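Scroll down for the structure; my scribbles are underneath it.
The values are calculated or read from the model by the stated rules, or taken from the named source; none is laboratory data. On a predicted model such as this, the values are computed, not experimentally measured, just so you know. Note that each Cβ is placed from the backbone with ideal geometry, even for glycine, and that neighbours are counted across all protein chains shown.
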Number of protein chains: 2
Amino acid sequence: MDAQWDDLKTILVVARHRTLAAASRELGLNYTTVARRIDRAEAALGVKLFERLAGGYNPTEEAELISRHAATMEAANHRLMRELGGRDARLSGPFVVTAPQLLIAHVLGPVLDMFSEAHPDVDLHLKASNDLLDLDRREADLAIRISHNPGDHLTGLRLTEQQSASFATPDWAARIVAAPEGPVDWLVYDQLGEIPKNVRVTTPPSRIRMRFDDMVAMAGAAQAGLGVARMPMFLGRALPELVQVPCLPPQPYLDIWAVAHPDVWPSAKSEAFRRVLRAHFKEVRSVFVA
Amino acid sequence: MDAQWDDLKTILVVARHRTLAAASRELGLNYTTVARRIDRAEAALGVKLFERLAGGYNPTEEAELISRHAATMEAANHRLMRELGGRDARLSGPFVVTAPQLLIAHVLGPVLDMFSEAHPDVDLHLKASNDLLDLDRREADLAIRISHNPGDHLTGLRLTEQQSASFATPDWAARIVAAPEGPVDWLVYDQLGEIPKNVRVTTPPSRIRMRFDDMVAMAGAAQAGLGVARMPMFLGRALPELVQVPCLPPQPYLDIWAVAHPDVWPSAKSEAFRRVLRAHFKEVRSVFVA
DNA sequence: ACGCTTCCTTGCGAAAACGCGTGCAAATGC
DNA sequence: GCATTTGCACGCGTTTTCGCAAGGAAGCGT
């Protein structure tokens, strides 16, 4: 008395997404296959698992029950994968790193170069993503994150502290030098929809011209001369169209961390990568602070 | 980052049995297939899982690690199967009952007859087995057991109390009547290798001629006239070659229980079967006691 | 009301998984 | 010491599973 475990996984994913299409994307399968697996499971268990509606698959009570237990199995599987990764002593095979796009573009280049030269047998996967990948599920082995702590139950190595400053095009800089108290058009990054108060208070005669939920977009706008933007030092310095302007003195910004799940942390590849990271960040520390 | 769950199950079973052959029997697969799955998993995980020895497969540390977590998944799966069985309201589909051979042979016949007549859509599987099947793993939905309590964490219905008495062939009976204090050859059932003391003390001039670990075998020996055997009333009465002899007065024996895992207990088929059981045992109660 | 998108079903050819038979090595029994 | 049993590896033909493409129904915005 034992079901096909892969079919249980399929039921779990379909019950979560409530459509074959979304489930098949996650499973890396064709949705035809997913549909067939559901059919097979229903036949094997003698239970109807989903209502086939036009807009998707609606799980029955039985499917919910299965999903609950399959979730337990999934958790065990994730933990297994992490521990397996953590005790991997090889310097070969896949290694997945996730980092913010901007860090990869402007900071991490030499790190990646050095690491792949030093360990050619590792096939390094980079996931440039601003949204936090799930390290519990081992969607990545190591994450570079910009925050003030490693995060919940994760282990972290602080690579550097950071400062932010205000940057704009050279003609904005000239205008500000000419009239230091004159009005300034601010470009504001508010991922959370909230206005940073230090920006507001220090610039009474100025206005917030635009808000962005994406740093790349904001930097682009600054480069196009739309206004003055507060951004991490490393970014402003990396963009040749921008110069630092004295609107806002350099101020503390979020740190940069290398974080991993404690299960995965001790793996050989992770240690090797962190070694390269630490060396490089030590070397280029001056890029991040005034 | 997610392995093939069925392959994890395969690894678990192979690691348990340590041979492909045994594992394949449990999995209901050809061992070629099992070997291929192991190969595939090793390739996918990039880890050697088993040492291929002539006498079997020896799990590596990694395989042990996988097995531990796969065992968690297996437990979740078993629990799922039980709960799914327990909430099954249908009176159709498979239903597995296990019972001692002797009870099936001499007592349960009418029960099975009535049940299958009343519920023709149920396909009833009978596992005649003396060793306790694992109800946690749902190797059976319901078990008929001869013991003094339902067992650890199982739910039970006591079908009847029982008495045992001594039985032998008619000529043994005649001999005992002729010389009530004369020596008796005892046939003893000692599944645990231990001599029941009540047999010993009550028959000082007699000897224990033979021991059996199997009641069927002992009954056969008694039928062949090898001696006097203590056995449940229902069995002695069911065997036409035997008569009850006054060597040992009827005395309490183990009860007969219908037991099931509490998760499975409430299923419709289980309730229906218990209803038939209860009725029948009530009717034939006099078979079990003096 | 119309096209567009999303999603599911069905049929067909390709690919992967599977079972069977043969051959071989080691352990077991006489 | 030799036969028997047990267990694994390899090659072949079959079955099952899978992905692709076409067809159809329902929701959404214009």
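Observations on the model:
- Counted residues, the stretch B:19-29 - those being surrounded by fewer than 18 Cβ atoms within 10 Å (Cβ to Cβ) and more than 10 Å from DNA strand C (Cβ to nearest atom): 5
- Taking each residue of the stretch B:96-108 that is in contact (Cβ under 8 Å) with a residue 40 or more places away in the chain and looking for partners that are of a type in the set (Val, Ile, Thr) and crowded, with 19+ Cβ neighbours inside 10 Å with beta-carbon atoms closer than 8 Å, six or more apart or interchain, yields B:VAL97/B:ILE144; B:THR98/B:ILE144; B:ALA99/B:ILE144; B:PRO100/B:ILE144; B:LEU103/B:ILE144; B:LEU103/B:ILE256.
- The set of residues in the stretch A:1-49 being in a loop (DSSP other than H, G, I, E, B), facing chain B (nearest Cβ under 10 Å) and within 14 Å of DNA strand D (Cβ to nearest atom) consists of A:ALA3, A:GLN4, A:GLY28.
- Only one of the numbered conditions (1) within 16 Å of DNA strand D (Cβ to nearest atom); (2) in a loop (DSSP other than H, G, I, E, B); (3) among the basic types (Lys, Arg) is not met by A:ARG52, and that is (2).
- Residue within the stretch A:134-145 that is surrounded by 15 or more Cβ atoms within 10 Å (Cβ to Cβ), more than 16 Å from the chain's Cα centre (by Cα) and assigned to a strand (DSSP E or B) present: no
- Counted residues, the stretch B:180-210 - those being surrounded by 14 or more Cβ atoms within 10 Å (Cβ to Cβ) and either at pLDDT 80 or above or closer than 24 Å to B:LEU102 by Cα (or both): 12
- Check on B:PHE95, of a type in the set (Phe, Trp, Tyr) and in contact with an Asp or Glu (Cβ under 6 Å, 6 or more places away or on another chain): yes
- Residue in the stretch B:154-173 that is farthest from the chain's Cα centre (by Cα), counting only those that are surrounded by fewer than 19 Cβ atoms within 10 Å (Cβ to Cβ) and in a helix (DSSP H, G or I): B:ASP171
- Residue match in the stretch B:56-73 (condition: within 16 Å of DNA strand D (Cβ to nearest atom) and acidic (Asp, Glu)): no
- Single residue of B:THR160, B:THR169 found to be β-branched (Val, Ile, Thr) and in contact with a helix residue (DSSP H, G or I) (Cβ under 6 Å, 6 or more places away or on another chain): B:THR160
- So A:GLY56, is it more than 10 Å from every other protein chain (Cβ to nearest Cβ), in contact with a helix residue (DSSP H, G or I) (Cβ under 9 Å, 6 or more places away or on another chain) and at pLDDT below 95: yes
- You will find that of B:ALA258, B:ALA290, B:ALA229, B:ALA219, the residue that is part of a helix (DSSP H, G or I), among the hydrophobic types (A, V, I, L, M, F, W, C) and touching a helix residue (DSSP H, G or I) at 6+ places or on another chain (Cβ under 8 Å) is B:ALA219 and no other.
- Check on B:GLU117, without any contact (Cβ under 8 Å) to a residue 12 or more places away in the chain, part of a strand (DSSP E or B), surrounded by fewer than 14 Cβ atoms within 10 Å (Cβ to Cβ) and away from chain A (no Cβ under 13 Å): no
- Subset tally (residues that are surrounded by 17 or more Cβ atoms within 10 Å (Cβ to Cβ) and within 11 Å of DNA strand C (Cβ to nearest atom)) for the stretch B:30-42: 5
- B:LEU102 passes every criterion in (1) at pLDDT 95 or above; (2) of a type outside the set (D, E, K, R); (3) part of a helix (DSSP H, G or I) apart from (1).
Condition check ((1) surrounded by fewer than 21 Cβ atoms within 10 Å (Cβ to Cβ); (2) within 8 Å of chain B (Cβ to nearest Cβ); (3) closer than 29 Å to B:GLU74 by Cβ; (4) out of contact with any strand residue (DSSP E or B) (no Cβ under 6 Å at 6 or more places or on another chain)) across all residues:
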site	(1), (2), (3), (4)
A:ARG52	yes, no, no, yes
A:LEU65	yes, yes, yes, yes
A:ALA71	yes, no, yes, yes
A:ARG79	yes, yes, yes, yes
A:GLY86	yes, no, yes, yes
A:ARG90	yes, yes, yes, yes
A:GLY93	yes, yes, yes, yes
A:THR98	no, no, no, no
A:GLN101	yes, no, no, no
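- Sub-8 Å Cβ pairs linking a first residue in the stretch A:53-81 that is under 30 Å from A:SER267 (Cα atoms) to a second residue that is hydroxyl-bearing (Ser, Thr, Tyr), at least 6 apart or interchain, are A:THR72/B:THR72; A:MET73/B:THR72; A:ALA76/B:THR72, ordered by first then second residue.
- Among (1) out of contact with any Leu (no Cβ under 8 Å at 6 or more places or on another chain); (2) away from DNA strand C (no atom under 13 Å from the Cβ), the one test that A:ARG16 misses: (2)
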